[in-house]
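Everything on this sheet refers to the single structure shown next.
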Amino acid sequence: MTAAHVENRNGNFPGKGIGEAVGVAILGKGTVGSEVLRLIGEFSDNLEHRIGGRIEVRGVAVSDVTKHAGAPGLEGIELTDDARSLISRDDIDIVVELIGGIDYPRELVLQALKNGKSVVTANKALVAAHADELSTAANEAGVDLYYEAAVAAAIPVVGMLRRSLAGDQVQRISGIVNGTTNFILDAMTTTGMGYDEALAEATRLGYAEADPTADVEGHDAASKAAILASMGFHTRVNFADVYCEGITKITADDINAATESGHTIKLLAICERLVDAAGNTTGVNARVHPTLVPNEHPLASVDKSYNAIFVEAEAAGRLMFYGNGAGGAPTASAVLGDLVGAARNKVHGGRAPADNPYADYPVVDFGEVTSRYHINMTVNDRVGVLSDLARTFAEAGVSLSAVRQEESGKEAHLIVVTHSASEKNLRGIVDKLSEHEDVRAVNSVIRLDA
Ligand code: HSE
């Protein structure tokens, strides 16, 4: 632990005093910003009791003032396109960043923190890429940095890891943290439709954005995995450390094979603390990939666009948190929870628990991570092919737990399920299988890893 951590924990952070109003600036008035404004208006009296002082929204920054002028919720509130000036004002105590993107909000959040404002942000990409820099700026200024809404919106998973499990040893976190991809995979599973059709349905219903890349390629989930791993293991894992594979290659065939073997395919964010034989932590890993989840596992039944986070901790055991991981009101609920926390500290004094990555574990390369695999191949249907291919696994020291075969004319569909193997080992096997004269195609490799 560095001296800075101790110094900032023990520092003296006086409050404004009970009954004093707390000045808030909101940056961004999209779906979430509008809901935050609406809820602050609606819950105002209750919030005052809970905080000990009134929340006063003293400015809202947007890129185009004319577009928002006169909109409901903005009565008596200054609307500006000059966010930099707004967050420098003396009457602003807390800045709520709801802009999205990375570079511009990073600049604003750093400026706000340096100016002594506490910051509440819903921006997962920003936190996953720059948590160290932001948290250092918050520590130096003695203010709060809250980001509950950055992971799974209304599900209070950041606070749960930061506060409720602060005394425990978290071993593993596996979560469905992206609603769009869960909707698509669930639609494929329940209706038999293919990926493109399910994506079109998600777009039609407003789950998928016009450009769905960040969701379907797993980038959104990877940002959340970085935050969960950092929080859960008291270390620093950045977006760039997270192995990421999306759902775009999942076919109706993969879904059928999963169903037949008693599994459901989910896009999981998996954060794992790796230990040696003596039980000492050797590092951590965070990854996002389609995963075969046994139907009896609680994550398998998380349907539609819901999110769920499954946590395994040494003393607490297994916990699951389930709910709405996206949407204006659920995200605004998390923002408001953070706002109340930051405002209480402004009124009464003190600081929230800050990020404390004291454990400083190395991030273990994905190649060293082990799981079980489900390999779907099309092979020539000739005598001896099965034992030939089984030898490829045996030579690499990987044992098989099941083999299923379906014949169709001169070719056969083969599904091989392995016991635990490292990614590096598995990749070597898949390369050899792909070059084998009797293997027409390795159709898919999906991990069994819930
Ligand atoms: N687009 C995300 C989802 C929500 O589909 O879950 C914001 O992270």
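In region 378-393, the condition of being more than 26 Å from residue 288 (Cα to Cα) and of a type in the set (Asp, Glu) is met by at least one residue.
For region 175-185, the condition holds for no residue, the condition being that it is more than 16 Å from the ligand (Cβ to nearest atom), closer than 28 Å to residue 296 by Cα and in contact with a Gly (Cβ under 7 Å, 6 or more places away or on another chain). Note on region 216-241: residues that are more than 14 Å from the ligand (Cβ to nearest atom) and either in contact (Cβ under 8 Å) with a residue 60 or more places away in the chain or out of contact with any strand residue (DSSP E or B) (no Cβ under 6 Å at 6 or more places or on another chain) (or both) total 11. Within region 292-314, residues that are in contact (Cβ under 8 Å) with a residue 60 or more places away in the chain reach partners that are open to solvent by 20 Å² or more (accessible area, probe 1.4 Å) and within 16 Å of the ligand (Cβ to nearest atom) with beta carbons closer than 6 Å, at six or more positions or on different chains, in the pairs 303/186; 304/183; 304/186; 305/183; 305/207; 308/322; 309/321.
Residues that are open to solvent by 10 Å² or more (accessible area, probe 1.4 Å) and assigned to a helix (DSSP H, G or I) were ranked within region 110-128; the one that is nearest to the ligand (Cβ to nearest atom) is 124. Taken together, 213, 191 contain a single residue that is closer than 18 Å to residue 251 by Cα, within 12 Å of the ligand (Cβ to nearest atom) and out of contact with any Leu (no Cβ under 8 Å at 6 or more places or on another chain), which is 213. Meeting the requirement of 3 or more residues that are surrounded by 15 or more Cβ atoms within 10 Å (Cβ to Cβ), the strands (runs of 3 or more DSSP E) wholly within region 359-439 are 370-380, 411-418. What number goes with the only condition from (1) on the phi < 0 side of the Ramachandran plot; (2) touching a strand residue (DSSP E or B) at 6+ places or on another chain (Cβ under 6 Å); (3) within 12 Å of the ligand (Cβ to nearest atom) that residue 208 does not pass? Answer for residue 208: the failing condition is (2).
Could you list, in sequence order, all residues of region 10-64 that are hydroxyl-bearing (Ser, Thr, Tyr), touching a Gly at 6+ places or on another chain (Cβ under 8 Å) and open to solvent by 50 Å² or more (accessible area, probe 1.4 Å)? The one that is hydroxyl-bearing (Ser, Thr, Tyr), touching a Gly at 6+ places or on another chain (Cβ under 8 Å) and open to solvent by 50 Å² or more (accessible area, probe 1.4 Å): 31.
So which of 265, 270 ends up being assigned to a strand (DSSP E or B) and either under 19 Å from residue 413 (Cβ atoms) or touching a His at 6+ places or on another chain (Cβ under 7 Å) (or both)?
Details: 270 fails: either under 19 Å from residue 413 (Cβ atoms) or touching a His at 6+ places or on another chain (Cβ under 7 Å) (or both).
From the options 265, 270, the qualifying one is 265.
Scanning region 295-335 for residues that are more than 16 Å from the ligand (Cβ to nearest atom), open to solvent by 40 Å² or more (accessible area, probe 1.4 Å) and not in a loop (DSSP other than H, G, I, E, B) gives 298, 301, 312, 318, 319, 320. Only residues that are aromatic (Phe, Trp, Tyr) and out of contact with any Gly (no Cβ under 9 Å at 6 or more places or on another chain): list them for region 303-330, please. 322, the sole residue that qualifies.
The values are calculated or read from the model by the stated rules, or taken from the named source; none is laboratory data. This is a predicted model, so every value here is computed, not measured. When we count neighbours, we look across all protein chains shown, and the Cβ atoms used for this are built from the backbone with ideal geometry, even at glycine. What goes into the accessible areas is simple: the full protein's heavy atoms, side chains included, and nothing from ligands, DNA or RNA. Shrake-Rupley method; radii C 1.70, N 1.55, O 1.52, S 1.80 Å.
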